[in-house]
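> Quick one: the structure is below, and I'll ask about it shortly.
The values are calculated or read from the model by the stated rules, or taken from the named source; none is laboratory data. Bear in mind the structure is a predicted one, so any value in this text is a computation, not a measurement. Backbone-built Cβ (ideal geometry, glycine too); neighbour counts: all protein chains shown.
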Amino acid sequence: MTAMDDHDDDHGHDHDDDHGDDHGHDHDGDGGHDEDPAAFWEARYAGGQQWSGRPNALLVDAVGDLAPGTALDLGCGEGGDAIWLARRGWRVTAVDIAEGALALGARHAAEAGVADAITWERHDLADSWPDGTFDVVSACYLHSPVALPRGEVLRRAAAAVAPGGHLVVVGHAGAPSWAPPDHPHHTHEFPSPTDVLADLALEPGTWETVWAEEVAVDARGPEGEEGTRPDNVLHLRRRT
Ligand SMILES: C[S@@+](CC[C@H](N)C(=O)[O-])C[C@H]1O[C@@H](n2cnc3c(N)ncnc32)[C@H](O)[C@@H]1O
């Protein structure tokens, strides 16, 4: 795993490189098995850090030029994005279903000197949500191989954006360049930015699309292979 060291400018990397491939295949409540989501994700984080610890490159690109305010990070994992935001002056509410992820995030935030800027909240977003509205709401790789009502969660995410605020949804778009032919991302149909936008069913006239694109993100494979991974980004701004 990559250490949670100074990574302010060290983005543009991987989401997949250190952690296999099992988080991107189902993803909208049609999980392949009936395992309890909280138990699944707690077991995952009991194994320690799962992701790189670095901020996600597409989130960095989307919000890097914004003046800091309040941010909500949905499915924050160990907090790479939340810590990056906090270091740039944002006050962050970081939410995950797994206590283990939140504990790792809180530890890394303390090490980074931004503990006071982040509130870690445990929610199963299928059932409960943090209070309030936010200047940025992000959902980065909010995918799960077990049940997750992603469409419903993203509609709720849009409702949690304050007037003038931003919604950023980043997700996988296909298999990474190093993936073997039987990699499940070759056959999974990931929603495009257009699909996500349509599913949000936003009130006409109240949002503008800032960025909607499939992007090849630099990433490394599990054996350190250099390559790219196709990801989707949808960045919207709420007008009122
Ligand atoms: C693929 S990881 C992405 C983590 C992080 N956003 C990142 O980009 O590295 C998906 C995250 O969503 C969380 N998650 C899955 N289902 C959830 C739910 N129903 N409510 C809240 N968090 C959930 C998982 O615990 C996990 O941390």
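> I'm checking my understanding of the structure. Among residues of segment 58-81 that are in a helix (DSSP H, G or I) and of a type outside the set (Gly, Ala, Ser), which one is nearest to the ligand (Cβ to nearest atom)? Step through it out loud before you land on a result.
So the first thing to find is which residues in segment 58-81 are in a helix (DSSP H, G or I), and the list is 58-63, 80-81.
Subsequent filtering for residues that are of a type outside the set (Gly, Ala, Ser) retains 58-61, 63, 81.
Values: Leu58: 10, Leu59: 8, Val60: 12, Asp61: 14, Val63: 14, Asp81: 6 Å.
Once the filter is applied, the top-ranked residue is Asp81.
> In segment 69-85, how many residues are over 14 Å from Gly53 (Cα atoms) and over 11 Å from the mean Cα position of the chain (by Cα)?
Of the residues in that region, 3 qualify.
> Moving to a separate point now. Scanning segment 139-175 for residues that are part of a strand (DSSP E or B) and surrounded by fewer than 19 Cβ atoms within 10 Å (Cβ to Cβ), which turns out nearest to the ligand (Cβ to nearest atom)?
That would be Ala162.
> Let me ask something else. Could you tell me which numbered condition Ala115 fails, if it satisfies all but one of (1) under 26 Å from Val217 (Cβ atoms); (2) away from the ligand (no atom under 13 Å from the Cβ); (3) not polar (S, T, N, Q)?
Condition (1) is where Ala115 drops out.
> Identify all residues within segment 93-116 that are within 19 Å of Leu154 (Cβ to Cβ) and outside any loop (DSSP other than H, G, I, E, B); write none if there are none.
Passing the criteria: Thr93, Ala94, Val95, Asp96.
> So, in segment 44-57, exactly how many residues are more than 8 Å from the ligand (Cβ to nearest atom), modelled with pLDDT under 95 and either buried (at least 18 other Cβ atoms within 10 Å of the Cβ) or under 17 Å from Val153 (Cβ atoms) (or both)?
Counting residues in segment 44-57 that are more than 8 Å from the ligand (Cβ to nearest atom), modelled with pLDDT under 95 and either buried (at least 18 other Cβ atoms within 10 Å of the Cβ) or under 17 Å from Val153 (Cβ atoms) (or both) gives 3.
> May I pose another question? Scan Trp84, Trp41 and give me the residue that is crowded, with 24+ Cβ neighbours inside 10 Å and more than 10 Å from the ligand (Cβ to nearest atom). Break it down stepwise before answering.
On the way: Trp41 fails: more than 10 Å from the ligand (Cβ to nearest atom).
Step by step, each of Trp84, Trp41 is checked, and only Trp84 is crowded, with 24+ Cβ neighbours inside 10 Å and more than 10 Å from the ligand (Cβ to nearest atom).
> Being within 19 Å of Asp73 (Cα to Cα) and either more than 18 Å from the chain's Cα centre (by Cα) or at pLDDT below 90 (or both): is that true of Ala162 here?
yes
> Sticking with this one: For the structure I just gave you, tell me whether Ser177 is within 17 Å of the chain's Cα centre (by Cα) and under 25 Å from Glu213 (Cβ atoms).
It is false that Ser177 is within 17 Å of the chain's Cα centre (by Cα) and under 25 Å from Glu213 (Cβ atoms).
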